[in-house]
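This report concerns only the one structure given below.
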Amino acid sequence: MIIVKNINKSYGALKVLKDAGVHIKKSEIVSIVGASGAGKTTLLQIIGTLNRPDSGSVVINGTDTISLRDKELSAFRNQNIGFVFQFHHLLPEFTAIENVCMPAFIAKKNKVETIERAKELLHFLNVSHRMEHKPSEMSGGEQQRVAVARALINNPAIILADEPSGNLDMQNKTDLHKLFLNLRDKFNHTFVIVTHDNSLAKLSDRIITMKDGVVIR
């Protein structure tokens, strides 16, 4: 599903990634761990096509993403990759269901079908009672579940998560971790998760460890 080879990335004199590479199979849940500054988030951003490497290759489901032009890359990202961040980045002026629908509307998908899909996801994620609520009217755990629904609305093959439970209390962390497992079992998503949370990492099929910009295990 994901083949990353010899990725290098520098910011000025700072070399963040040094020949980093990973292989991830379809429907795997993989956690990337390591100390702060190890290059985990930069690698995740490059896998997710949010950032371009200085050199190396990223092939997702047979597509060489490095060769895509910006417009092609945006379309590929919208259709194939969902993102869940530590801070949910919900748009405060919109309701839960409007936030969930946004990526599908950007992709110009059918409005009626998109709204029905959003309702199904919110129901599956146990936040359908918050459908017409704005983010400020929801708890942190509810906001994160809405963000997960938004990541799923275009039915992407891959979900990339950057410290998804880092801003949650223990109960909501546990619930989110179980949710990822349930989503994989139900929809066969591939998950790549950057985390400092050992309990989340241990639930993964595989743990990738990074140190100083290098994948060491």
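State the number of residues belonging to segment 36-82 that are hydrophobic (A, V, I, L, M, F, W, C) and within 26 Å of Ala13 (Cα to Cα). Break it down stepwise before answering.
Start the filter on segment 36-82 by keeping residues that are hydrophobic (A, V, I, L, M, F, W, C), which leaves 38, 43-44, 46-47, 50, 58-60, 66, 68, 73, 75-76, 81.
Next cut, within 26 Å of Ala13 (Cα to Cα) only: 38, 43-44, 46-47, 50, 58, 66.
Selection size over segment 36-82: 8.
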> Taking only pairs six or more apart or across chains, which ones have beta-carbon atoms under 6 Å, a first residue in segment 180-203 that is in contact (Cβ under 8 Å) with a residue 24 or more places away in the chain, and a second residue that is of a type in the set (Lys, Arg)?
Replying inline: Thr190/Lys26; Val194/Lys40
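If I go through segment 34-57 residue by residue, how many of them are among the aliphatic types (A, V, I, L, M), surrounded by fewer than 21 Cβ atoms within 10 Å (Cβ to Cβ) and at pLDDT 90 or above? Can you show your working first?
The initial filter retains those residues of segment 34-57 that are among the aliphatic types (A, V, I, L, M), namely 35, 38, 43-44, 46-47, 50.
Restricting the remaining residues to those that are surrounded by fewer than 21 Cβ atoms within 10 Å (Cβ to Cβ) gives 35, 44, 50.
Adding the requirement that they be at pLDDT 90 or above leaves 44.
Selection size over segment 34-57: 1.
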> So which residues in segment 52-78 are touching a strand residue (DSSP E or B) at 6+ places or on another chain (Cβ under 8 Å) and over 18 Å from Ile24 (Cα atoms), if there are any at all?
Replying inline: Pro53, Asp54, Ser55, Phe76
>> Given (1) surrounded by fewer than 16 Cβ atoms within 10 Å (Cβ to Cβ); (2) of a type outside the set (A, V, I, L, M); (3) in contact with a helix residue (DSSP H, G or I) (Cβ under 9 Å, 6 or more places away or on another chain), identify the lone condition not met by Asp64.
In response: (3)
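Here is a list: Val22, Val112. Which entry is within 20 Å of the chain's Cα centre (by Cα) and either surrounded by fewer than 20 Cβ atoms within 10 Å (Cβ to Cβ) or more than 15 Å from Val215 (Cα to Cα) (or both)?
Just one listed residue meets the conditions, Val22.
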>> Quick check on segment 127-144. Is at least one of its residues within 23 Å of Lys26 (Cβ to Cβ), modelled with pLDDT under 90 and either open to solvent by less than 70 Å² (accessible area, probe 1.4 Å) or not β-branched (Val, Ile, Thr) (or both)?
In response: no
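The values are calculated or read from the model by the stated rules, or taken from the named source; none is laboratory data. As the structure is a computational prediction, the values presented were derived from the model and not from experiment. Every residue, glycine among them, receives a Cβ derived from its backbone with ideal geometry; neighbour counts consider all protein chains shown. What goes into the accessible areas is simple: the full protein's heavy atoms, side chains included, and nothing from ligands, DNA or RNA. Shrake-Rupley method; radii C 1.70, N 1.55, O 1.52, S 1.80 Å.
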